[in-house]
């Protein structure tokens, strides 16, 4: 099961599907989610975000902790699309 834990500017509903999570924020944001599987792809407005050790300091990036299922996303665009393995 996936869940949304933290966001700085959530603007709308979150869509959870078995392997896809979609959501929108007002604009740039740092978000923390718990996801059911490792991410295969993380995008913001159709642009792939890069994996980072610490997305809090790396714009347009994400990190994943396998032990907790926590996905951290730092993005400058409003719409986020996540595909899970």
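For the chain, the mean projected area of the C-alpha convex hull, equal to one quarter of the hull surface, is 4.6 nm².
Assuming 0.36 nm per residue, please report the length gained on full extension of the stretch residue 66 to residue 32 beyond their Cα-Cα distance. Present the calculation step by step, with values, prior to reporting the outcome.
Numbers: separation 34, 0.36 × 34 = 12.24 nm, distance 1.37 nm.
Stretched fully, the residue 66-residue 32 segment lengthens by 10.9 nm.
Kindly state, to the nearest 0.05, the FRET efficiency for residue 50 paired with residue 85, given R0 = 22 Å and r defined as their beta-carbon distance. For residue 50 and residue 85, the calculated efficiency is 0.80.
Where a number appears in this text, it was derived from the coordinates with a stated rule and is not lab data. Predicted model, so just to flag it, every value in this text is computed and none were measured. We place every Cβ from the backbone using ideal geometry, glycine too, and count neighbours over all the protein chains shown.
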